[in-house]
Amino acid sequence: MSRITLDHVTVDIPVYTAKSRSLRHRLLSSRIGGQIGLAGGDRVVVRALDNVSLEIEAGQRVGLIGHNGAGKSTLLRIMAGLCEPTDGTVLTQGRVSSLLSMNALMDPEMTGRENMDLVGAMIGIPSRNWGKVCQEVAAFTELGEFLDLPFRTYSSGMRLRLTFALLTLQNPDILLLDESIGVGDVRFSQAAAQRMADLTRNSSIVVVATHSKKTMRALCSSVIWMEHGRIRAFGPTDEVLDAYIASQLDEPSEPQGTPQIR
C-alpha cells in the first residue's frame, strides 16, 4: 500500500556566502521565502521546512500551493528522497517517480540518446522493447538531431521535454510533479497535460505543485497550502483554494514573530 509520511520534518539550508547580519535584517520583513535565522554563530540559515507533519495515503491526489519560496519544492524533494531532513523523519512506501529525481539521473556530458539508454537501464525497461521506446521518446520530444548533442547544451525547455518523456515511461506508485511541467510552447504543454492526466489516473498517489488553480481543481482531491515552510491548511481542494485566493485579496501585512535562531 502506497503511503507518504512526514513526522515533524525540518529542513535548514545554510547560506555560506551571505553576510549574515545585514542579510538577516534585510529579510526579516519579507513575505516571500522561508524563515531566515542564524546557526553556528554568524552563519545564515534558511528554514525551508519548519516542523512539517503530514500523511498522504493511496488514492489521494494532492496539490501544493503557496507563494514562491513557501517550501513547495523542498517538500517535493524530501518526498522524492533527494535531500535529508535536518530534523524529523520521512517514510515513503511505493516506487517514487519525479521530474526532480529524473533530472538528477541525467549526465550533462552524455548525449540525449545516451541519457535515454542510461535511464532505460536504471528503470529496468527490457532491451527487446527499448528500440520502440526510444522512437516514442524521440517523437514526443521532437528534439530531432539535438538528441545526438550533449545534454548540457540543451535549453531549459529542451531538458524539460526529454526528462518529462523519460519520467512518463512507466507508471510509478507515487508521482511527484512541479509547476515546470507547464513551461514550454502550447503544443508541448498540451501533450504533457494529456500524459500527466494518464499518469494521474494510473498512479496510486500524485502530488503536484502548481500555481494553476484550474489544474488543481481538475486533478486534485485535496490541497496543501504552504506558507513560510509550514502547512497553513490541508483539506478539500475547493475549500483550501478558496481560502488561499481570499488571502491574496487581503492587504499585505508584516509577518508575525521573528525567524527562528538555531
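The values are calculated or read from the model by the stated rules, or taken from the named source; none is laboratory data. Computed from a prediction, not measured in an experiment: that's the story for all the values here. Cβ sites come from the backbone with ideal geometry, for glycine too, and all protein chains shown count toward neighbours.
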- Task: Can you give me the number of residues within region 143-157 that are surrounded by 15 or more Cβ atoms within 10 Å (Cβ to Cβ), without any contact (Cβ under 8 Å) to a residue 40 or more places away in the chain and either closer than 10 Å to Thr111 by Cβ or among the charged types (D, E, K, R) (or both)?
- Result: 2
- Message: Cβ contacts < 9 Å: first residue over 18 Å from Asn103 (Cα atoms) and touching a residue at least 40 places away in the same chain (Cβ under 8 Å), restricted to region 123-142; second residue among the aliphatic types (A, V, I, L, M) and surrounded by 10 or more Cβ atoms within 10 Å (Cβ to Cβ), any location; separation 6+ or different chain. Result?
- Response: Ile125/Val119; Ile125/Val133; Ile125/Leu169
- Which condition breaks for Met110 when tested against (1) modelled with pLDDT of 95 or more; (2) under 28 Å from Ile4 (Cα atoms)? (2)
- Note on the structure: Subset of region 206-226, residues of a type outside the set (S, T, N, Q) and modelled with pLDDT of 95 or more, comes to Val223, Ile224, Trp225, Met226
- Mind listing just one residue for me: the one in region 84-94 that is in contact with a strand residue (DSSP E or B) (Cβ under 7 Å, 6 or more places away or on another chain) and part of a loop (DSSP other than H, G, I, E, B) and, of those, nearest to Ile224 (Cα to Cα)? Pro85
- For region 98-165, which fully contained helices (runs of 4 or more DSSP H) count at least 3 residues that are over 25 Å from the mean Cα position of the chain (by Cα)? 127-141
- Residue hits (region 157-177; at pLDDT below 80 and out of contact with any helix residue (DSSP H, G or I) (no Cβ under 6 Å at 6 or more places or on another chain)) are Gln170
